[in-house]
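Just below is one structure, and these are the notes that go with it.
The values are calculated or read from the model by the stated rules, or taken from the named source; none is laboratory data. Nothing here was measured: the structure is a model prediction, and the numbers come from that model. Glycine also receives a Cβ, built like all others from the backbone with ideal geometry; neighbour counts cover every protein chain displayed. Calculation scope for accessible area: heavy atoms of the full protein, side chains included, ligands and nucleic acids excluded. Shrake-Rupley method; radii C 1.70, N 1.55, O 1.52, S 1.80 Å.
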Amino acid sequence: MGLIRSVIGAGVSSVTSTLNDQWKEYFYCEALPNNVLVAKGRKKNTKNNKGSDNIISNGSKIAVADGQCMLIVDNGKVVDACAMAGEYIYDMSTEPSLFMDDGLKAVFKNGLGRFAYGGEAAKDQRIYFFNTKEITGNKYGTVQPIPFRVVDTNVGLDIDTSVKCFGEYSFRIANPILFYTNVCGNVNDTYLTSQIESQLKSELLTALQPAFAKISEMGIRYSALPGHTTELSEILNTILTEKWKDLRGLEIVSFGVSSVKVPEEDEKMIKELQRNAAFRNPNMAAAQLVGAQSSAMQSAAANANGAAMGFMGMNMAGAAGGFDAQSLFAMGQQQAAAQKPAADSWTCTCGAVNTGKFCKECGTKKPEQAAGWTCSCGAVNQGRFCSECGAKKPAGAIQYKCDKCGWAPKDPTKPPKFCPECGDPFGDEDIVS
């Protein structure tokens, strides 16, 4: 029991000679909308006016549209399938043709029921068309909050909260044979999305809890969830593999997050902790204190009991605080100075900054420095200006040597205009120290 591609033109005669009574019936399916997952094939009689509703006559034509997968069911067993658009002729004398991609073909062959009726028609044969397009617009919403771990390594934050999220997801039938066998079975007319929608939504919301746990482990904040829907889709497919893919032949195509909400008290606490953590930087704290003092001065000037009373209260509050902006700015400068590499430090090829003769990370010896000139500030330099104070290199300290032939004048500080050996003019490129 198999299918033969319907041919047009000269090839028709060869098929007709094999099938004496071809195209007795014509099976087709209208376009399947989002709300229809499975539809029984409709039959339009052409030559066989006495055919039974649930019998496929030998030589009947079957049309398959894009986004559909057609299954032939013989006495409740799937015996052939086609997921490629086109027209096909049903031939009882051939083996199952399996016009589909290699992945689905392998799955089909594993569960294929092969029967031989000696040319006699089976008692019950049906054709079903499965909607293999992406089924979009499936809304979801968490009624109960889902636990979510908030991790912010920048401020050392690690707390547990809960989130509510809303959005839409899409899925598709990836394995029509599993869907027929374990979900819809023989249907009289259509199998609608609404018949399984509630069950899918319930299982999806259950899977969101471990999915969010994996997302939080990745360090993704709840507010950034809408930007990580691809990761969520992959995680949900992994979690739902057993119930959706292996049992029903379904898979999630996309998962969209429209909004994410956490309890107001938790959100306020998280923002407060993140803001306070920024004040660990003395400069940030000083800037905040200056702003607060400016606001306090304006309030003191407008004090109902007089500006003097207002400023008195402001000074008392400042004294009780223990720190002023000037002290905080000074602390910030000290921290910056402590973090600044020492003047005699050097950077190793491994990236470590060192002050000794050997690298503290890999043990590499400190590279030898070329001879230079010593500035009045004590810094040793190789260029024409001091790297520490910017002073110009003393004229007497500049020595020349021809960069072409290596000739050096007797007094290296007074070179001629041209090298007597090669004729190359002396310039900055000939300075050796």
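Below are the figures for this structure:
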{"item": "Check: the range 131-265 dipole with +1 on Lys, Arg Cβ and -1 on Asp, Glu Cβ, in debye", "result": "260 debye"}
{"item": "Of all accessible heavy-atom area on the range 127-238, the percent that carbon and sulfur account for (1.4 Å)", "result": "47 percent"}
{"item": "Over 27 Å between alpha carbons, listed pairs K139/K261; K243/K268; K366/K414; K164/K243; K139/K214", "result": "K243/K268; K366/K414"}
{"item": "Summed side-chain charge close to Y180 - residues other than Y180 whose Cβ falls under 12 Å, Lys, Arg +1, Asp, Glu -1", "result": "+4"}
{"item": "Burial order of peptide ranges 348-358, 62-72, 205-215 (average beta-carbon count within 10 Å, highest first)", "result": "62-72, 205-215, 348-358"}
{"item": "Positive minus negative residues near I196 (Lys, Arg vs Asp, Glu; Cβ under 11 Å)", "result": "0"}
